[in-house]
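First up is the structure itself, then whatever we jot down about it.
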Amino acid sequence: MAYETIIVEIEDHIALIKLNRPDAMNALNDQLLTELCDALKSAQNNDKVRCIVLTGSEKAFAAGADIKMMSSKSFVDVFTEDLFTPESEQILAVRKPIIAAVSGYALGGGCELAMMCDFIICSDTAKFGQPEINLGVSAGLGGTQRLTRFIGKSKAMDMNLTGRFMEADEAERCGLVSRIVPAKKLIEEAMSAATKIAEKSMITTMAVKEMVNRSYETTLREGLLFERRVFHSLFATEDQKEGMAAFMEKREAQFRDK
Ligand code: DAK
């Protein structure tokens, strides 16, 4: 598929996917989400890719769903076409890790897209928000659910009810992002984190992604049991033997994803 609204570069085992609708602050429309899902699926199926970085521009990661596309839709339209549901399910089905590298605005569906990634590294210029209430609607892709689990009820209510933007410092303080870096270094830092991940065993990496995500879906007791059983099962891999042998032999592990 030839892309018009995203740019994909694959380098050193990392797929860097850049949202590219500069005239619309990377607002999410059908075309962009279709292209993004296609690129993510290709990255998942490409053995050379071991980690994915999703980013936007310096000014905007994404300023939300495309308001111009949505404005004339009726209840029957959005209900029948189940706007964005298949795409969000495809994004969540990606088993390789995805880092969101956020600079500038991550609003509405843009903030929700970043939260669908595995973790967020942001620049000191990042601004997060769920301002849908200003448009007479609510968040629809996790802004009242994932955000609440990530940052707690009080802040999630504040964000969703007032529609205010949260700066990078506050986002880091409340656990929405894992780290803040200078804007000019955002891609370099995200690629460096992705490179570290790419050096690990892919089997373990995918298992860990599944384990952490399970904690949002289940009780603590069931989650701990799932974690323990996956931990046990990793002893069936050659990579476990290699990782532990390398430690004892004081050398770097050479994982073979087996
Ligand atoms: N949609 C369409 N165009 C947008 C846009 C958006 N979300 N955000 C910005 N743009 C466009 C502007 O219209 C403008 O285009 P022109 O007028 O030049 O043609 C261009 O980008 C530059 O924007 P501004 O001139 O406004 O730039 P400023 O620097 O002054 O302001 C801003 C930047 C990001 C603060 C401002 O543009 C803004 O407030 N944008 C809207 C933010 C927003 O309300 N976002 C939430 C959108 S609603 C669903 C799941 C999810 C959703 C819906 C359904 N289902 C599962 C059913 C999600 C909904 C949303 O995200």
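The values are calculated or read from the model by the stated rules, or taken from the named source; none is laboratory data. Note that the structure is a prediction, hence the values are computed from the model and not measured. In this analysis, Cβ positions are derived from the backbone assuming ideal geometry, glycine residues included, and neighbour counts consider all displayed protein chains.
Laid out as a table, the results:
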| read-out | value |
| --- | --- |
| Failed condition for GLY143, given (1) within 14 Å of the chain's Cα centre (by Cα); (2) under 24 Å from ALA43 (Cβ atoms) | (2) |
| Residue within the stretch 39-61 that is within 12 Å of the ligand (Cβ to nearest atom) and either modelled with pLDDT under 95 or in a strand (DSSP E or B) (or both) present | yes |
| In the stretch 124-137, residue farthest from the ligand (Cβ to nearest atom) [restricted to those that are surrounded by fewer than 19 Cβ atoms within 10 Å (Cβ to Cβ) and within 24 Å of LYS59 (Cα to Cα)] | ASP124 |
| Where a residue in the stretch 8-31 is more than 28 Å from LYS68 (Cβ to Cβ) and buried (at least 16 other Cβ atoms within 10 Å of the Cβ) and its partner, wherever it lies, is at pLDDT 95 or above and small (Gly, Ala, Ser), with Cβ under 6 Å and at least six apart | HIS13/ALA198; ILE14/ALA194; ALA15/ALA43 |
| Residue identified as within 26 Å of GLU167 (Cα to Cα) and among the β-branched types (Val, Ile, Thr) among ILE14, ILE91 | ILE91 |
| Qualifying positions in the stretch 161-188 - over 30 Å from GLU9 (Cβ atoms), part of a helix (DSSP H, G or I) and over 20 Å from the mean Cα position of the chain (by Cα) | LEU161, THR162 |
| Where SER88 falls short, out of the listed (1) more than 28 Å from MET206 (Cβ to Cβ); (2) modelled with pLDDT of 95 or more | (1) |
| Residue satisfying all of: in the stretch 12-36; touching a Lys or Arg at 6+ places or on another chain (Cβ under 9 Å) and assigned to a strand (DSSP E or B); farthest from the ligand (Cβ to nearest atom) among these | ILE14 |
| Those residues of the stretch 92-136 which are in a helix (DSSP H, G or I) and among the hydrophobic types (A, V, I, L, M, F, W, C), in sequence order | LEU92, CYS111, LEU113, ALA114, MET115, MET116, ILE133, LEU135 |
| Failed condition for ILE99, given (1) within 13 Å of the ligand (Cβ to nearest atom); (2) buried (at least 19 other Cβ atoms within 10 Å of the Cβ) | (1) |
| Residue match in the stretch 151-158 (condition: within 16 Å of the ligand (Cβ to nearest atom), modelled with pLDDT of 95 or more, crowded, with 18+ Cβ neighbours inside 10 Å and among the small types (Gly, Ala, Ser)) | yes |
| Qualifying residue in the stretch 49-58 (condition: surrounded by fewer than 17 Cβ atoms within 10 Å (Cβ to Cβ), farther than 29 Å from GLU199 by Cα, in contact with a helix residue (DSSP H, G or I) (Cβ under 9 Å, 6 or more places away or on another chain) and in contact (Cβ under 8 Å) with a residue 24 or more places away in the chain) | no |
| Residue count for the stretch 72-91, restricted to those that are within 9 Å of the ligand (Cβ to nearest atom), exposed (fewer than 14 other Cβ atoms within 10 Å of the Cβ) and assigned to a loop (DSSP other than H, G, I, E, B) | 1 |
